[in-house]
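Structure record follows, encoded as structure tokens.
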Amino acid sequence: MYEGVVQDLIDELGRLPGVGPKSAQRIAFHLLAADPVDVRRLADVLVEVKQRVKFCSICGNVAEEETCRICRDPRRDLSCICVVEEPKDVVAIERTREFRGRYHVLGGAISPIEGIGPDELRIRELMVRLADGAVTEVILATDPNLEGEATATYLTRMLRPMGLRVTRLASGLPVGGDLEYADEVTLGRAFEGRRAVDE
């Protein structure tokens, strides 16, 4: 335990996701040793991001305006929506340069253990977006874990009766991976998603 404000800083840093007690202490002492100008710049950016950044009124992605740049882009395919859990997932998919449709950010995944049900997610907003009939395909790009699968299953049951094409991102073995290190679920998915080798 440290005195006063140093311990307060360590405690606050420790509340960040993925930052344990040792990492929080290391970051705190890095900040104490850093140039005051650098620390001030970090503090200013933290305050500014909370003041300026909001969530897109259409898709739920992060934005500095009422809508995000993707929803404002007229070149995007309006007939396809990719459903993701968090804004960081949008960035990951955008980096591939493979998807030209629009997104819908749920704000998490169904997790009964954490008390997160469908009503806590942006599912109602998704249904409103689909009501006009302009969308023909919904791609479910939730995480390939228990919560992501539960969310994808729930959404599939809701969307199929609407006559939409509902697809799920393929999952399986990563490029450069070894079969011996793959877990059973990943290996099973790789077998399910196998395809013919083009000659």
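Quick note: the coordinates plus some simple rules give every number you see, no bench work behind them. What you see is a predicted model, and the numbers here were worked out from it, not measured in a lab. Virtual Cβ from ideal backbone geometry, glycine too; neighbours counted across all protein chains shown.
Tabulated results
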{"quantity": "Local electrostatic count at Gly20 - Lys and Arg +1, Asp and Glu -1, tallied over other residues with Cβ under 13 Å", "calculated": "+2"}
{"quantity": "Estimated FRET transfer efficiency when R0 is 45 angstrom, pair Arg100-Glu3 (beta carbons, to 0.05)", "calculated": "0.25"}
{"quantity": "Prolate/oblate/rounded label for region 74-168 (Cα gyration tensor, a/c 1.5)", "calculated": "oblate"}
{"quantity": "Neighbour-count order for Ile110, Ile93, fewest beta carbons within 10 angstrom listed first", "calculated": "Ile93, Ile110"}
{"quantity": "Simple spin-label estimate for Glu48 and Glu114 in nanometres, 7 Å along Cα-Cβ", "calculated": "3.0 nm"}
{"quantity": "Within a Gaussian network of the chain (alpha carbon springs, distance under 10 Å), most fluctuating of Gly172, Gly163, Gly20", "calculated": "Gly20"}
{"quantity": "Per-residue [θ]222 nm for the chain (sum of -39500 (n - 2.57) over DSSP H runs n ≥ 4, rounded to 500)", "calculated": "-13000 deg cm²/dmol"}
{"quantity": "Mean separation of Cα contacts under 8 Å (6+ apart) over length of region 74-168, as relative contact order %", "calculated": "31 percent"}
{"quantity": "Descending Cα extents along the principal axes, the chain, whole Å", "calculated": "62, 47, 39"}
{"quantity": "Cut-off of 10 Å, at most 13 other beta carbons, DSSP loop: longest stretch of the chain lacking such trypsin sites (Lys or Arg not before Pro)", "calculated": "101-193"}
{"quantity": "Pairwise label distance in nanometres, Arg41 with Glu180, each label 7 Å out on the Cα-Cβ vector", "calculated": "4.7 nm"}
{"quantity": "Region 1-45 and region 122-180: distance between their alpha carbon centers, rounded to Å", "calculated": "38 Å"}
